[in-house]
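Taking it in order: structure first as structure tokens, then the write-up.
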Amino acid sequence: MLATLVGRRVGHQGARWARKNEPHVHSWDVGVVAELIEVADASDPRLADYRDLRDVELRKHLEAEHGLFLAEGEKVVRRAVEAGFRARSFLMAPRWLEGLDDVLERSDAPCYVVSESLAEKVTGFHVHRGALASLERMPLPTAASVIAGARTVVVLEDVVDHTNVGAIFRSAAALGVDAVLLSPRCADPLYRRSVKVAMGAVFSMPYARMGEWYDGLAELSRAGFTTIALTPADDAVEIEEAVKGLDRVALLMGSEGPGLSRRWIEAADVRALIPMAAGIDSLNVAAATAVACYVTARR
Ligand SMILES: C[S@@+](CC[C@H](N)C(=O)[O-])C[C@H]1O[C@@H](n2cnc3c(N)ncnc32)[C@H](O)[C@@H]1O
């Protein structure tokens, strides 16, 4: 059934069909088009990039060592490739092939075609969006280059949760932010969870990681940004007031537990507050970033 489905797709493109030596592997050598390779053995070493996706520590190590990251789901895989990231390989169940036809046609990376149960066995979870791609990381730009020409920048201090980082990138992209800066300890925007939650906004939003935390804001001040520390402290200025009439704005967002450090709060030009209903201490950092970006976009 798998071979029929896969064969039909490439057959339709006039592809050449060649059977490899391995008893469980069929392959279709179609020149510049991604080579479709049926894999039926979960221990096949070619699937190494996709192994144990739930094991965060193991994945961080593996992805750093090999300079790769994973994209999940048809839209996100397409956005990664369109943003210029080179695919190392694709992994998908037959029913997802057609949706990614255009991407596979333009890639020279192998596409491993597996059953849904095998995908689950390899990755450790049910891949309900069906398509995965392993892509090569590109070197990150410098902070100076991503803030050059930017008018609104979001700066994250030690935001360590991948879901929050992904949600912040998605909101920042949607609400007109020009760039994101990360303190050295922030979670990786290209970690699978961040990529998924961001719906690919991590590919289009320029971002950089600061070389150091202590004087990390100095570069923004030198570039003429007003640095605004977002804090739920009730003696801070309301965010609408804080951004009114400003040209270049850097919104400083603090970590999930303790919030912004004293160092960054003292280094900032202004402290700004999103007023909340009585009895609520603070917003989640991703929610607070979305509100701050929305207000700042209308300054
Ligand atoms: C979960 S909050 C941290 C709460 C921490 N107890 C504090 O006092 O900052 C994470 C970040 O979201 C932002 N934030 C959350 N609620 C906010 C509010 N009402 N006004 C301004 N910023 C807020 C701040 O940047 C904060 O550092």
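Rule-based calculations on the coordinates, nothing more; no lab input. This structure is a prediction, so every number in the text was calculated from the model and none was measured. Ideal geometry is used to build each Cβ from the backbone, glycine not excepted, and the neighbour counts take in all protein chains shown.
For the pair Ala40 and Ala83, a Förster radius of 35 Å applied to the C-beta separation gives a FRET efficiency near 0.60, rounded to the nearest 0.05.
To the nearest ten degrees, helix 285-297 and the longest principal axis of the Cα atoms of the chain are 70 degrees apart.
The modelled label-to-label distance for the pair Glu136/Arg248, using points 7 Å beyond Cα in the direction of Cβ, is 3.4 nm. Against the compact-protein benchmark of 2.2 N^0.38 Å, the Cα-based radius of gyration of the chain scales to 1.17. Taking 0.36 nm per residue of separation and subtracting the Cα-Cα distance, full extension of the segment from Glu57 to Ala278 would add 75.6 nm. Lysine pair count for the chain with Cα-Cα distance under 26 Å and sequence separation of 8 or more or different chains is 7. Each of Ile37, Ile168 was scored by other Cβ atoms within 10 Å of its Cβ. Listed from fewest to most, they are Ile37, Ile168. Between Ala223 and Phe125, the C-beta separation translates, for a Förster distance of 51 Å, into a calculated FRET efficiency of about 0.75. Label zone of Ser145 (point 7 Å out along Cα→Cβ, amide N under 19 Å): in the stretch 168-193 this covers 178-184, 189-190. Measure nothing but the geometry: give the 0 to 90° angle between the long axis through the Cα atoms of 56-66 and the longest principal axis through the Cα atoms of the chain, rounded to 10°. With both axes taken from Cα atoms, the answer is about 70 degrees.
Test of understanding: in a Gaussian network model of the chain with alpha carbons linked when under 10 Å, which of Ala83, Ala268, Ala179 would top the mean-square fluctuation ranking? So, out of Ala83, Ala268, Ala179, the one fluctuating most is Ala83. Each pair of Cα atoms in the stretch 143-297 enters the Kirkwood radius, and Stokes-Einstein at 37 °C and 0.692 mPa s then converts it into a translational diffusion coefficient of 217 µm²/s. May I ask you to derive the FRET efficiency for Asp215 and His66 from their Cβ-Cβ distance with R0 = 25 Å, giving the value to the nearest 0.05? After rounding, the FRET efficiency stands at 0.15.
Gain on full extension, evaluated as 0.36 nm per residue between Arg262 and Glu116 minus their Cα-Cα distance, stands at 47.6 nm.
When the chain is treated as a GNM, springs tying every alpha-carbon pair under 10 Å, which of Val56, Val249, Val153 comes out with the largest mean-square fluctuation? Most flexible of the set in this elastic network: Val56. In whole angstrom, the stretch 89-219 maps to an equivalent ellipsoid with semi-axes of 33, 16, 13, each derived as √(5λ) from the alpha carbon gyration tensor and ordered largest first.
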